[in-house]
Each structure stands twice: as C-alpha cells, then as structure tokens.
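The values are calculated or read from the model by the stated rules, or taken from the named source; none is laboratory data. These figures come from a predicted structure and were not determined experimentally. Cβ atoms come from the backbone with ideal geometry, glycine included; neighbour counts cover every protein chain shown. Protein only, heavy atoms only, side chains kept; ligands, DNA and RNA dropped before computing areas. Shrake-Rupley method; radii C 1.70, N 1.55, O 1.52, S 1.80 Å.
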Amino acid sequence: MRQLIIGFRRAATTGAAGVFVLPCQQQARLVSRTIASSAAAYLKSSTTCSFAQTPALAQGLKMLDTRKTFTEDFFFRQLFDEQSHTYSYLLADITSKEAILIDPVLEQAKRDAQLIKELGFTLKYALNTHMHADHITGTGYLKQLVPGTVSVISQNSGAKADKHLVDNETVKFGRHVLKAMSTPGHTNGCMTFVVEEQGIAFTGDTLLIRGCGRTDFQEGDSRTLYRSVHERIFTLPENFRLFPAHDYKGNMETTVAEERRYNPRLTKDVEAFVELMNNLNLPYPKMIDKAVPANRECGLYDIPKEA
C-alpha cells in the first residue's frame, strides 16, 4: 500500500488524474474492488498532502472514489490470453451458481472450463461481443467441454450461434441481468454488454482503454464507431467501469469518466477522428484469414483434435 500511495502522490504532483496501473498477470486475474477507494480515502484524510484540494486531483479522486462496488452475490473474474492480448470475463450469481463467459479464446477453453468446475458454477452462456478477427472464439470448444452451454452473439454479426441478440435484449444468469447494446463501427455486429446494477460494461473492440478498435477491415466504419461510443457508451454514468476485449499495455480497466476526458481518439471531433482512423496505416491483421471463417462457424471447425 505504501508504494501505491507514493504513486498517487507523484501522479498528483504532475497534475495526473489519480489513475494507477496494477501489475499485469499472465493468468487469471481478480480485479481489486478496494484498492482505489482505500488510496483515495488516505489522500483525503492525510494532513501532509497539501495538493489534495486542487481541482484536478479532486476530480481524479472522484473518478475512482465513486466507482460502484459489486453486490455480495456477484462474482467477477478477468482472464487473459497472452498470445492475442484478449480479455475474457467470467461472471456469476454466487447464490444460484449460474455463470456466463464473455469473449472466450479457443486456446484457453480448457483453462476456463477447469476454473468453472473448480468454482462449482454452471456455465449458462458463452457470449462474444463481436465476430473477432484476431483470435478464434472458444465458444464452440466450450460447448463440448461444458455440455449445456449456449453460444451467444449479435444477430448482425453474421456468425452462427445458439442464440442471437438484438439491441437492448437481456441475458439472465441467476438474478443478474446483462443488457446487450448495439455499438457497431468496428464490425456491424459489435455489442457492448452492460450489467447496470454492478456499474460495469464490456465494450469489446468498440472502445479500448485510451483507444478504439480498427475500422479498416470487416465492416468497419469510423463515423459509425464514433457515434456508437458517444451515443451509447459515453452516455452511461461516469462512474461505470469499462472492460475492453483487448489491451496491449498492461491496463485492465477504465471508466466512462476517464475515457471521455483522456481518450486521445474519441475526444476529437468526428471529422478529426475519421481523418485519424483513415490514416493509421496499420498492417493487415495476421489472424484475420483464419479467425473470421472459424468464428463465422462459432469456432466449431477448428477445435483441437484431443476434444
């Protein structure tokens, strides 16, 4: 905790907004529910922090201090695939033991199935935020490893699944409810999954931490993505915690307030954003020719032979 507080002090003295990064784990990660509020409370109560009353720091602390904590019957686990830098998310109702898994990765399906078994959960749904181009989904494999699992994706994705979602449709696990919001732009079928009671949203590739998904392949459209972010995601409460499908710098989560203020792409006006996205000149995605055809089939035709 001493190191964390020192980090906060240094950030404050340079005018930063009180944002900190925890070490990036290669395996399953449990996001802390208490560190931010504890650090903020320390700064507010400390008589040695003469800068604690500055507007910039006060606003930064507000971003962290007002984030909602999870209810006691809600389980959350953030998981990571090092090869594709993909985050998967296991959510569950602790009372009923019903669980859902968001954006599973084929190579990690056995890991995920084992974790679900160890925790005593029943996997009800395996959902994808969109039809991925950088990895093969683990939904098809999970349906074999965990019988009874229902695969889920947007109706506009063009991919096969047991259940197709439309805008504002809900998915229930136990007493908890996840709402699917259509947020196209990276692909036509992109969705942001929101659990309103817990104050969290899973943004897929539409909105990343200080970035956004590409718009130069599949059905990408810069103006559509800009509109999706500003009209659907940035209109969520400022203290909502946002969890993307990828991160390449070790960051694990962000908030609506942070991205509205600090996202270098989405803080631009729409014309500047379109110009920037049209001139990124990024290389052709190395997995796209393998991943997209496989994901169109729910990952079913590329399951490991030992399955």
#### Entry: Out of 208, 236, sole residue that is in contact (Cβ under 8 Å) with a residue 40 or more places away in the chain and open to solvent by 10 Å² or more (accessible area, probe 1.4 Å)
236
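Mind listing just one residue for me: the one in the stretch 163-180 that is open to solvent by 10 Å² or more (accessible area, probe 1.4 Å) and in contact with a Lys or Arg (Cβ under 8 Å, 6 or more places away or on another chain) and, of those, farthest from residue 98 (Cα to Cα)?
Only one residue tops the list, namely 168.
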### Task
Given the conditions (1) touching a residue at least 24 places away in the same chain (Cβ under 8 Å); (2) under 27 Å from residue 256 (Cβ atoms); (3) among the polar types (S, T, N, Q), report the number of the one that residue 168 does not fulfil.
(1)
### Query
With 184, 147 as the choices, which residue is open to solvent by 10 Å² or more (accessible area, probe 1.4 Å) and farther than 26 Å from residue 75 by Cα?
184
### Message
Being in a helix (DSSP H, G or I), open to solvent by less than 30 Å² (accessible area, probe 1.4 Å) and not charged (D, E, K, R) is the filter here; which residues of the stretch 88-133 pass it?
### Response
106, 109, 113, 115, 116
### Task
Check the stretch 191-200 and report whether any residue there is open to solvent by 30 Å² or more (accessible area, probe 1.4 Å) and part of a loop (DSSP other than H, G, I, E, B).
no
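Working only within the stretch 244-300, note down all residues that are within 21 Å of residue 80 (Cα to Cα), among the aliphatic types (A, V, I, L, M) and open to solvent by 20 Å² or more (accessible area, probe 1.4 Å). Spell out the reasoning first.
Let us first name the residues in the stretch 244-300 that are within 21 Å of residue 80 (Cα to Cα), namely 244-255, 285-288, 290-292, 294-295, 298-299.
With among the aliphatic types (A, V, I, L, M) added as a condition, the list becomes 245, 252, 287-288, 291-292, 294.
Within the stretch 244-300, 252, 287 qualify.
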### Message
For the structure I just gave you, tell me whether residue 215 is at pLDDT 95 or above, out of contact with any Lys or Arg (no Cβ under 6 Å at 6 or more places or on another chain) and surrounded by fewer than 20 Cβ atoms within 10 Å (Cβ to Cβ).
### Response
no
### Message
Going residue by residue through the stretch 48-56, is there one that turns out to be out of contact with any Lys or Arg (no Cβ under 7 Å at 6 or more places or on another chain), of a type in the set (Phe, Trp, Tyr) and modelled with pLDDT of 95 or more?
### Response
no
### Message
Given the criterion of a type outside the set (Asp, Glu), part of a loop (DSSP other than H, G, I, E, B) and farther than 30 Å from residue 68 by Cβ, identify the matching residue among 144, 83.
### Response
83
